[in-house]
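First up is the structure itself, then whatever we jot down about it.
The values are calculated or read from the model by the stated rules, or taken from the named source; none is laboratory data. Every value quoted in this text rests on a predicted model; they were computed, and no experiment measured them. So basically every Cβ, Gly included, is an ideal-geometry build from the backbone, and we count neighbours across all protein chains shown. The area values use the complete protein model at the heavy-atom level, side chains included, leaving out ligands, DNA and RNA. Shrake-Rupley method; radii C 1.70, N 1.55, O 1.52, S 1.80 Å.
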Amino acid sequence: MKLLITGSSGMLGYALRDAFSKDASCNIAGMDLTPTKCGKKPSSFVKCDVTNYDKLTAAVKKIKPDTIIHAAAFTDVDGCELDPDKAETANGLGTRHIAEIARECNATLVYISTDFVFDGRKRVPYAEDDTPNPINVYGRSKLDGERFIKEIMKEKSYFIIRTSWIFGPGGKNFVDTIIKNAQNAKNLKVVSDQFGSPTYTLDLASAVKRLLEIAAQRRISRGVYHITNNDDCSWYKLAQKTLEYYRIYDVELIPIVSDELDRPAERPRMSVLDNNRYIKLSGKPLRNWNRALEDYILLKRRGKDV
Ligand SMILES: NC(=O)c1ccc[n+]([C@@H]2O[C@H](COP(=O)([O-])OP(=O)(O)OC[C@H]3O[C@@H](n4cnc5c(N)ncnc54)[C@H](OP(=O)(O)O)[C@@H]3O)[C@@H](O)[C@H]2O)c1
């Protein structure tokens with residue numbers, strides 16, 4: 001496989017490099033705004049902004065990928081709210097460029113999307129065919145990316161993978177923030193009225209690899225899949241388990257409601273994703289998020305998280 005990973009220096013990029021480099025026949029080209037400082041290095045790297053169509057076209061034509069995993073995005077949810085043009089350019093237009101180039105190269109395209117395409121008003125987990133209705137700029141820009149992919153790739157091979165609440169080595173995430181803030185505080189306030197499924201990047205990257213392998217075997221050309229670790233919780237519960245597994249016992253967690261935070265972007269209250277389509281395809285769910293979190297924290301305690 002000749003694989004191009006966009007956003008290769010980001011948190012999920014780290015895990016994708018790790019998962020696909022286990023396959024000796026896979027040649028990985030990375031693309032990002034800056035080269036990675038940690039994890040497995042890709043076989044080649046090109047510094048490229050996906051919003052620059054000409055540079056992107058030239059770079060991809062040189063790489064000649066048969067598969068592209070598009071993980072690059074402007075992921076700062078509040079930052080997107082404050083700069084909607086940047087969000088739409090990076091996440092909407094950038095994805096449109098990637099889709100146009102993937103179609104031209106006849107490459108299979110995997111687009112990493114988000115639970116934030118949903119409004120969070122549902123009481124039960126969201127299925128792939130539920131109607132998206134994003135409530136913030138980030139969600140709208142990522143949904144625009146999904147629409148460009150469906151429109152441009154049409155009869156070509158593409159997969160849209162929605163995931164949620166990711167944590168793992170090599171990037172900024174909630175688990176790291178809780179541990180860092182707990183070092184200098186007696187108490188921490190954490191939102192207890194938003195629910196989702198925490199997802200370990202290393203588990204997600206392996207699932208993406210598995211999905212591509214099964215799709216190739218069974219000649220499945222396209223589809224939307226929800227992939228997260230199993231089970232769900234609130235941010236408060238995730239913080240509680242983070243401190244417990246990291247063995248921090250002297251910090252009090254105070255549950256608060258979302259409105260108390262007064263952040264620029266509204267968040268969906270319940271964005272748990274139903275994984276049944278992926279489970280049916282692969283034969284099993286990803287493990288419970290608690291077990292994945294334990295593994296990640298073990299990695300951190302051993303100082304091997306970057
Ligand atoms: N984090 C989550 O909880 C979550 C949940 C659901 C879905 N997702 C999706 O999963 C994917 C990976 O997320 P992540 O958490 O790994 O994000 P990340 O750590 O922020 O990685 C994204 C990478 O893309 C790069 N990038 C940004 N704009 C770019 C552009 N115009 N051209 C090229 N590269 C660009 C970023 O560079 P800079 O850092 O220099 O900007 C960064 O290295 C994203 O598509 C995101 O929407 C994330």
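A few remarks follow.
- Solvent-accessible surface of segment 1-123, taken per residue with a 1.4 Å probe and all protein chains present: 44 Å².
- For segment 165-248, the relative contact order works out to 43 percent when only alpha carbon pairs closer than 8 Å and six or more residues apart are counted.
- The simple spin-label model puts a point 7 Å past each Cα toward its Cβ; for ASP23 and LYS62 those points are separated by 2.5 nm.
- For LEU243, net neighbour charge (Lys/Arg +1, Asp/Glu -1) across residues whose Cβ lies under 14 Å away: +3
- Residue of ASP54, ASP176, ASP119 that the Gaussian network model of the chain assigns the largest fluctuation, springs spanning Cα pairs under 10 Å: ASP54
- Extension gain (nm, one decimal) between LYS37 and ASN181, 0.36 nm per residue minus Cα-Cα: 49.5 nm
- Under the Karplus curve 6.51 cos²θ - 1.76 cosθ + 1.60, θ = phi - 60°, whole-Hz ³J(HN,Hα) for segment 166-175, x wherever Gly or Pro sits: 7, 9, x, x, x, x, 7, 8, 4, 4
- Once C-alpha pairs closer than 8 Å and six or more residues apart are averaged by separation and normalised to the residue number of segment 171-306, the relative contact order reads 39 percent.
- At the listed q of 0.09, 0.10, 0.12, 0.13 Å⁻¹, the Debye profile of the chain, built from one uniform point per Cα, gives log10 I(q)/I(0) equal to -0.42, -0.53, -0.78, -0.92.
- Amide hydrogen proximity for VAL46: with H placed 1.01 Å from N in the peptide plane, the residues at 5 or more positions away or on another chain lying under 5 Å are GLY30, MET31, ASP32.
- Peptides 87-99, 245-257 ordered by average Cβ neighbours within 10 Å, highest first: 87-99, 245-257
- Lys/Arg +1, Asp/Glu -1 at C-beta; segment 1-98 dipole; positive extreme among ALA29, THR75, ALA15: ALA29
- Taking the chain and dividing mean pair separation by its residue count, relative contact order in percent (alpha carbons under 8 Å, at least six apart): 20 percent
- For segment 40-66 versus segment 146-219, the gap between their alpha-carbon centres in whole angstrom: 23 Å
- Accessible area (Å², 1.4 Å probe, nearest 10) - TRP235: 40 Å²
- Pairs from the list LYS41/LYS241; LYS86/LYS154; LYS186/LYS237 with a Cα-Cα gap above 21 Å: LYS41/LYS241; LYS86/LYS154.
- Computed E for GLU104/ASP295 - FRET, C-beta separation, R0 30 angstrom, nearest 0.05: 0.15
- Qualifying GluC sites (Glu not before Pro) in segment 118-195, where qualification requires a DSSP coil assignment and no more than 10 other C-beta atoms within 10 Å, comprise GLU155.
- Relative to the longest principal axis of the Cα atoms of the chain, the long axis of helix 53-63 makes an angle of roughly 70 degrees.
- Going by accessible surface with a 1.4 Å probe and the largest first, PHE159, PHE74, PHE195, PHE174 read PHE195, PHE174, PHE74, PHE159.
- Folded to 0 to 90 degrees: helix 94-105 orientation relative to the chain principal axis, Cα: 30 degrees
- Heavy-atom accessible surface of the chain: percent carbon and sulfur, 1.4 Å: 48 percent
- Where segment 226-282 is the region considered: accessible area per residue in Å², 1.4 Å probe: 52 Å²
- Under 5 Å, built H, 5+ apart or other chain: amide partners of VAL110: ILE68, ILE69, HIS70, PHE159
- Cα-only Debye scattering, segment 188-306: base-10 log of I(q)/I(0) at q = 0.10 Å⁻¹: -0.40
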